[in-house]
Protein chains: 2
Amino acid sequence: MTRRKRAAPRFDYAAGFDRLVHEPARLSILTCLVTHPKGLRFVDLKRLCGLTDGNLSRHLQALEAATLIEISKDIERKRLQTRCRITAVGRRRHLEYIELLERVIRDSADSQPLDIRGPARLLSRG
Amino acid sequence: MTRRKRAAPRFDYAAGFDRLVHEPARLSILTCLVTHPKGLRFVDLKRLCGLTDGNLSRHLQALEAATLIEISKDIERKRLQTRCRITAVGRRRHLEYIELLERVIRDSADSQPLDIRGPARLLSRG
């Protein structure tokens with residue numbers, strides 16, 4: 001039994017997962033913003049991600065601090081609106097994360113494609 | 001601005017993510033065991049997942065307590081070996097999780113397929 005660490009273990013995801021993006025609520029926000037390149041108002045983002053005001057605010061602050069998104073205040077219909085947009089950095093980090101998800105899915109399908117892909121439709125989300 | 005929560009927000013992943021499986025090291029362990037249905041020795045699992053003894057032990061305990069895996073002690077070549085196998089419950093939970101990952105990937109590709117799929121190969125993981 002050798003204790004030496006071999007290079008690139010096959011199923012080592014822990015090192016590759018971007019913890020900032022991995023948090024489910026933040027993954028919701030980023031995926032939502034990636035598909036709305038012109039940005040979204042706070043209220044619409046909140047609705048689309050199913051988050052509360054407080055939760056959304058907290059995660060937006062974390063994402064803005066890491067420069068994954070930018071937040072601006074616009075006047076729309078005489079009301080001050082908070083608008084969120086994804087940045088180039090955010091788009092890249094999200095894309096890298098999605099690539100890792102694809103790797104996990106490929107790894108899961110390996111060596112037993114029938115078993116994993118056959119009766120897979122277990123989720124019945126409306 | 002209505003505060004009533006509408007049904008099934010489009011990008012609401014937080015509710016669907018299985019926190020037990022979502023933890024990167026546990027996702028490594030489960031994906032590894034899913035592709036090795038006969039089970040794996042502790043030492044092999046450790047090597048394939050790139051985890052330390054302590055980390056692997058801790059996560060295996062959590063997964064066993066939730067009945068996602070089972071741990072047995074076998075005698076192999078005159079030595080006591082710890083062997084881990086995924087259970088039917090573990091297989092189902094992992095599969096449901098993979099389904100959610102597929103949903104995130106589909107959602108990410110929505111509305112800007114070229115942008116997300118074109119220059120996507122940003123990861124260069126050996």
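Readers should treat all values here as calculations from the given coordinates under stated rules, not as data from a laboratory. Owing to the predicted nature of the structure, the values given are computational and were not obtained by experimental measurement. So basically every Cβ, Gly included, is an ideal-geometry build from the backbone, and we count neighbours across all protein chains shown.
What the phi angles of the stretch A:49-54 give under the Karplus curve with 6.51, -1.76 and 1.60, with θ = phi - 60°, is a coupling list of 9, x, 10, 7, 3, x Hz, glycine and proline written as x. Near B:Leu33, within a Cβ-to-Cβ distance under 11 Å, what is the net charge of the other residues, with Lys and Arg +1 and Asp and Glu -1? Around B:Leu33, the surrounding residues sum to +3. Per-residue 3J(HN,Hα) values for the stretch A:98-105, derived from phi via the Karplus relation 6.51 cos²θ - 1.76 cosθ + 1.60 with θ = phi - 60°, read 4, 4, 5, 4, 5, 5, 4, 5 Hz in sequence order (x marks Gly and Pro). Just tell me how shielded A:86-95 is by partners: mean number of partner chain Cβ atoms within 10 Å of each residue's Cβ, no decimals. Taking the mean over all residues of the peptide, I get 2. Close amide H partners of B:Tyr13, meaning residues 5 or more places away or on another chain with modelled amide H under 5 Å apart, are A:Ser28.
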